[in-house]
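Visitor: Right, I'll just put the structure down here and ask away after.
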Amino acid sequence: MKTLYTLLISVIFILSSCMTTSTTVGDYKEDSGKQYTYAKGKQFWIGFGLFPIGRTDVQTPTDGSCEVISKFTIGDFLISGITGGIVSSRTIIVKDKKN
């Protein structure tokens, strides 16, 4: 049973790398400058990801040009694993470029 549990945890951890999405907004790709993290947030879900617990309001730059990354991190994996998937979370990162 311990081997099955270890195998299941390993497979879930490996497959979580496929759970990253990146969306560019505005002229972000064409903007020059050094990339930096503008804001971070965490969205929580209940019922195996079916129902959001509130809505996370992550700030965005006033010019509207940014990159929004949503991913499943180690912390999110631990939250989901400890609760058996009943409560899960996603990390949201907004990146901008300094001129």
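The values are calculated or read from the model by the stated rules, or taken from the named source; none is laboratory data. Source: prediction; values computed, not measured. All Cβ positions, glycine included, derive from the backbone under ideal geometry; neighbour counts span all protein chains shown.
Visitor: What are the pairs with Cβ atoms under 9 angstrom where one residue, in region 77-99, is in contact (Cβ under 8 Å) with a residue 60 or more places away in the chain and among the hydrophobic types (A, V, I, L, M, F, W, C) and the other, located anywhere, is surrounded by fewer than 17 Cβ atoms within 10 Å (Cβ to Cβ) and in a loop (DSSP other than H, G, I, E, B)? Sequence gap at least six, or different chains.
Guide: Pairs that qualify, where the first residue is in contact (Cβ under 8 Å) with a residue 60 or more places away in the chain and among the hydrophobic types (A, V, I, L, M, F, W, C) and the partner is surrounded by fewer than 17 Cβ atoms within 10 Å (Cβ to Cβ) and in a loop (DSSP other than H, G, I, E, B): there are none.
Visitor: Suppose we filter region 3-19 for residues that are under 22 Å from the mean Cα position of the chain (by Cα) and modelled with pLDDT of 65 or more; how many remain?
Guide: So the answer is 7.
Visitor: Residue pairs, Cβ under 6 Å, 6 or more apart or interchain, first in region 24-35 and over 10 Å from D96 (Cα atoms), second assigned to a loop (DSSP other than H, G, I, E, B) and at pLDDT 90 or above. List them.
Guide: Matching pairs, first to second residue: G26/S65; D27/S65.
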